[in-house]
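Some notes on the structure that comes next.
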Amino acid sequence: MRKIFLLICCLLSLIANAQTGRTIYSKSYGQRKDPVIIFIHGGPSGNSTLFEGTTAEKLASKGFYVIVYDRRGEGRSIDSTATFTYQEAINDLNELYKTYSLKKANIIAHSFGGLVGTLFAAQNPDRVNSLILAGGLFSQQETYDHILKTTKEYYTEKKDRLSLQQIAEVQNLSKNSAEYRKRCYELASKNGYFTMPFPTAEADELREHFELGKFASSNIRNNNAPIVFYRNEPRNNIDTQPILKNLKKQVKLFAIYGKQDHIFSDRQLSNMENIVGKQHFMIVENCSHFLFVDQQKIFINAVVGWLK
């Protein structure tokens, strides 16, 4: 009788999930007894496939219990009802803690995940051992200003009037809009701001292995996510530096950035170094936005050195 009851409960749960279109993807690597690391991916519209397919197992082999997941409505976490707010992301992280019976964890927060990780840690400092910003966003408007300023300088030198007109159009958009964000990052991408300047054989091999493997085929992008995020989240263009300064009193902070991650200005990186401290800060040469692929060994060694 008990087995029948449990079967009915499972079926009801599946039906409910099917009706809401919700399923949160997560996977763990390593031994449960080891220190926990949660990886928070970029976005909105991102996923953790690149980190999972290239780095999760290698980091776990260094003595960590690594958990990857895709935020609700992004990547493999299909959810037609997702609102893409920070609070929703924080709530789902708390559920992830319950799923894996975690009391505390170390967090690696990449790109937009830096904002999510910072806000989560600020709400739950007792649940976070350390926060590692890996190319993590923090002062968004400074990033957009830097992209527009540097691309404008480049196109002015090239006397590219069409591109300069496009920059002027972006500058006239609302700074709290999905279109503004999208077009800033399109300019950055077009000019190689996210590209490793001198690809090494190791980095090329990692990318090729990823593209030929199972994770590339599950690299799902929800292009509607940024639009819904900007519609629902009032804090859509924030500066988390004041939060990080206060958080430093409660949580260990670390930061690692690529020297050629050109979405960040020298001033921004200097400010971040001042926040986390010189011993907790690293700039990696010949490295752009995806540090864990561009310079994987350096990235893993930095994480291991800081956490162990």
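Condition check ((1) assigned by TED's automatic domain parsing to the domain that holds residue 282; (2) within 30 Å of residue 107 (Cβ to Cβ); (3) in contact (Cβ under 8 Å) with a residue 24 or more places away in the chain; (4) not aliphatic (A, V, I, L, M)) across all residues:
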site: 132; (1), (2), (3), (4): yes, yes, yes, no
site: 163; (1), (2), (3), (4): no, no, no, yes
site: 169; (1), (2), (3), (4): no, no, no, yes
site: 172; (1), (2), (3), (4): no, no, no, yes
site: 175; (1), (2), (3), (4): no, yes, yes, yes
site: 178; (1), (2), (3), (4): no, yes, yes, no
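Please go through segment 111-140 and give me each residue that is part of a strand (DSSP E or B) and under 16 Å from residue 185 (Cα atoms), ordered by number. Explain how you work it out, then say what you get.
First, pick out the residues of segment 111-140 that are part of a strand (DSSP E or B): 128-134, 139.
Within segment 111-140, 139 is the sole residue that qualifies.
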### Query
Somewhere in segment 79-91, is a residue in contact (Cβ under 8 Å) with a residue 12 or more places away in the chain, of a type in the set (A, V, I, L, M) and within 21 Å of residue 251 (Cβ to Cβ)?
yes
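Quick check on residue 82: is it closer than 27 Å to residue 217 by Cβ, over 13 Å from the mean Cα position of the chain (by Cα), of a type outside the set (Phe, Trp, Tyr) and crowded, with 21+ Cβ neighbours inside 10 Å?
On the way: closer than 27 Å to residue 217 by Cβ: yes; over 13 Å from the mean Cα position of the chain (by Cα): yes; of a type outside the set (Phe, Trp, Tyr): yes; crowded, with 21+ Cβ neighbours inside 10 Å: yes.
Considered against the rule, which asks whether it is closer than 27 Å to residue 217 by Cβ, over 13 Å from the mean Cα position of the chain (by Cα), of a type outside the set (Phe, Trp, Tyr) and crowded, with 21+ Cβ neighbours inside 10 Å, residue 82 comes out as yes.
Considering each residue of segment 259-308, count those that are polar (S, T, N, Q) and closer than 22 Å to residue 150 by Cα, and give that number.
First pass over segment 259-308, keeping only residues polar (S, T, N, Q): 260, 265, 268, 270-271, 274, 279, 286, 288, 295-296, 301.
If we keep only those that are closer than 22 Å to residue 150 by Cα too, we end up with 260, 265, 268, 270-271, 286, 288.
Residues in segment 259-308 being polar (S, T, N, Q) and closer than 22 Å to residue 150 by Cα: 7 in total.
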### Task
For segment 177-198, name all the residues that are in a loop (DSSP other than H, G, I, E, B), surrounded by fewer than 15 Cβ atoms within 10 Å (Cβ to Cβ) and over 20 Å from the mean Cα position of the chain (by Cα).
197, 198
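Within segment 13-27, is there a residue that is at pLDDT 95 or above, buried (at least 16 other Cβ atoms within 10 Å of the Cβ) and in contact with a helix residue (DSSP H, G or I) (Cβ under 9 Å, 6 or more places away or on another chain)? Explain how you work it out, then say what you get.
Step one: of segment 13-27, the residues at pLDDT 95 or above are 25-27.
Within this subset, residues satisfying the condition of being buried (at least 16 other Cβ atoms within 10 Å of the Cβ) are 25-26.
Applying the additional criterion that residues be in contact with a helix residue (DSSP H, G or I) (Cβ under 9 Å, 6 or more places away or on another chain) yields 26.
Yes, segment 13-27 has at least one match.
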### Message
Just to be sure before I move on: is residue 71 more than 23 Å from residue 32 (Cα to Cα) and either crowded, with 19+ Cβ neighbours inside 10 Å or modelled with pLDDT of 95 or more (or both) in the structure I sent?
### Response
no
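Being in contact (Cβ under 8 Å) with a residue 60 or more places away in the chain, out of contact with any His (no Cβ under 7 Å at 6 or more places or on another chain) and assigned to a helix (DSSP H, G or I) is true for just one of 156, 143. Which residue is that? Lay out the reasoning, then the answer.
Values: 156 fails: in contact (Cβ under 8 Å) with a residue 60 or more places away in the chain.
None of the others qualify; the one that does is 143.
The values are calculated or read from the model by the stated rules, or taken from the named source; none is laboratory data. Please read these numbers as outputs of a predicted model, since none were measured by experiment. All Cβ positions, glycine included, derive from the backbone under ideal geometry; neighbour counts span all protein chains shown.
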